[in-house]
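None of the figures in this text is laboratory data; all of them are computed from the coordinates on show. From a predicted model like this one, the values you see are computed outputs, not experimental measurements. Please note: Cβ atoms are built from the backbone with ideal geometry, for glycine as well, and neighbour counts cover all protein chains shown.
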């Protein structure tokens, strides 16, 4: 690799971090974000290239912010973003009210899904409990 801060295009073509991401990340728009739990039980994410860990401030091993796609499912660390931005033709967008609203909506949907499916007993489980209370099931 070259000695400069940013690798040359020739160096990047054979970079160990490339594993076919060009197929699904080319031309994406990214948002600089502080990492937060986006799904129940999820305590971290990883950079799509180098596997740098993203987590909240008190996890100790990771970084608390980086570039995320709109869904907050795919994350990039600052170095990998800088190294591959030109090759992948990425853009950076400011987080606007619409994006914030969609993130809030997504978290709300996960909470509702958790409430309906896992947080409380299902209809079948409630029916079995009622049957047990009545003595119909051993």
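Values computed for the structure shown
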| quantity | calculated |
| --- | --- |
| Any chance residue 49 is part of a loop (DSSP other than H, G, I, E, B) and crowded, with 17+ Cβ neighbours inside 10 Å | yes |
| Residue within region 64-75 that is part of a helix (DSSP H, G or I), in contact (Cβ under 8 Å) with a residue 12 or more places away in the chain, surrounded by 11 or more Cβ atoms within 10 Å (Cβ to Cβ) and on the phi < 0 side of the Ramachandran plot present | no |
| Subset of region 10-46 [without any contact (Cβ under 8 Å) to a residue 60 or more places away in the chain, assigned to a loop (DSSP other than H, G, I, E, B) and more than 15 Å from residue 81 (Cβ to Cβ)] | 14, 16, 19, 20, 36, 37, 41, 42, 43, 44 |
